[in-house]
1. Restricting attention to the range 129-184, which residues are within 20 Å of ARG21 (Cβ to Cβ) and either of a type outside the set (A, V, I, L, M, F, W, C) or not in a helix (DSSP H, G or I) (or both)?
2. Being in contact with a helix residue (DSSP H, G or I) (Cβ under 7 Å, 6 or more places away or on another chain), at pLDDT 95 or above and over 26 Å from THR231 (Cα atoms): is that true of LEU72 here?
3. Which condition number does ASP252 fail, the rest of (1) at pLDDT 95 or above; (2) crowded, with 17+ Cβ neighbours inside 10 Å being met?
4. Kindly indicate whether SER35 is surrounded by 16 or more Cβ atoms within 10 Å (Cβ to Cβ), without any contact (Cβ under 8 Å) to a residue 24 or more places away in the chain and among the hydroxyl-bearing types (Ser, Thr, Tyr).
5. Can you work out which of the residues in the range 56-73 that are out of contact with any Phe, Trp or Tyr (no Cβ under 8 Å at 6 or more places or on another chain) and not in a helix (DSSP H, G or I) is surrounded by the fewest Cβ atoms within 10 Å (Cβ to Cβ)?
6. Quick check: anything in the range 173-192 at pLDDT below 90 and more than 30 Å from GLU67 (Cα to Cα)?
7. Taking the options ILE130, ILE175, ILE165, name whichever one is without any contact (Cβ under 8 Å) to a residue 60 or more places away in the chain, in contact with a Gly (Cβ under 8 Å, 6 or more places away or on another chain) and assigned by TED's automatic domain parsing to the domain that holds PHE229.
8. So the check is Cβ under 9 Å with 6+ separation or different chains; which pairs have a first residue in the range 93-104 that's more than 19 Å from PHE249 (Cβ to Cβ) and a second one that's loosely packed, with under 12 Cβ neighbours inside 10 Å?
Amino acid sequence: MATITSQPRVGPLLREWRRRRRRTQLDLALEAGISARHLSFVETGRSTPSPETVLRLAEQLGVPFRERNLLLLAAGHAPAFPQRSLDDPDMAPVREALELILTGHMPYPAVVFDRAWNLVTANSAVLPLIEGVDPALLVPPINVLRVGLHIAPRILNFGEAYAFIRERLERQAAITGDANLAALVEEFAGYPAPAPRHGRASRSGADDILGPVRMRAPNGGEWAFFGMFATFDTPFEVTTSELAIELFFPADAGTAAAFRDHRAKGRYAPP
């Protein structure tokens, strides 16, 4: 006999998201334009919300697009946000935008990764950074966090960089409620990293700017970078909404000159 798998109900899922965001029923209901009584009925399963109500609640709770689709399905409605492969013809504008960013950032490194921190694409300026990395880590899917841990001995202020990335990863796992990200947090937290000298990674006036990160160059010199994370604004598509772009900028004249020299001598080619 086939086993019947019970589907998650929308009420408990919404309640979980509300509690994760530390919102009261009254507060959330007022922001979403519904009554607290109706929200209570939804959470207890006494009422089935319309698609519009589900989306209003999800918007107020900051639920990611992937999970908004799951909420709609749990309420018996069709998903609202498409999810396409980057190879899909409809994703051509996204691919072109990524290529423009990666090419335009040369001769400095830039990488694009998905919600699980798996590499999507990169420009060839990253090659000097990953020189000497275990080839097994460069077999797809390539996880940029694991590659970063492999080059940790070359990062001179690894404690600060590790603290910054760990904080970002933990915040991402909390926001999404993604079990795979929670497992990645646990894996990352098990790495024996030194404590940051100042309690946390240094930042340059914004939560999404890290640096400078100093690392030992293969030739014995030193490189210094600050990094910036970027995402697509209001993409309304699952795959695009989960992409992140990390741009590395030289933090001193010596690093800038070294990477310009790499390109001039053909150590890497434009993507």
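The values are calculated or read from the model by the stated rules, or taken from the named source; none is laboratory data. In this text the structure is predicted, and so the values were computed from the model without any measurement. Neighbour counts are summed over all protein chains in view; Cβ atoms, including those assigned to glycine, are modelled from backbone coordinates with ideal geometry.
1. Answer for the range 129-184, where residues must be within 20 Å of ARG21 (Cβ to Cβ) and either of a type outside the set (A, V, I, L, M, F, W, C) or not in a helix (DSSP H, G or I) (or both): GLU167, ARG168, GLU170, ARG171, GLN172, THR176, GLY177, ASP178.
2. no
3. (2)
4. In short, no.
5. Applying the filter and picking the extreme gives GLY62.
6. Yes - at least one qualifying residue is present in the range 173-192.
7. Among ILE130, ILE175, ILE165, only ILE165 is without any contact (Cβ under 8 Å) to a residue 60 or more places away in the chain, in contact with a Gly (Cβ under 8 Å, 6 or more places away or on another chain) and assigned by TED's automatic domain parsing to the domain that holds PHE229.
8. Listed pairs, sorted by first residue: ARG95/ASP87.
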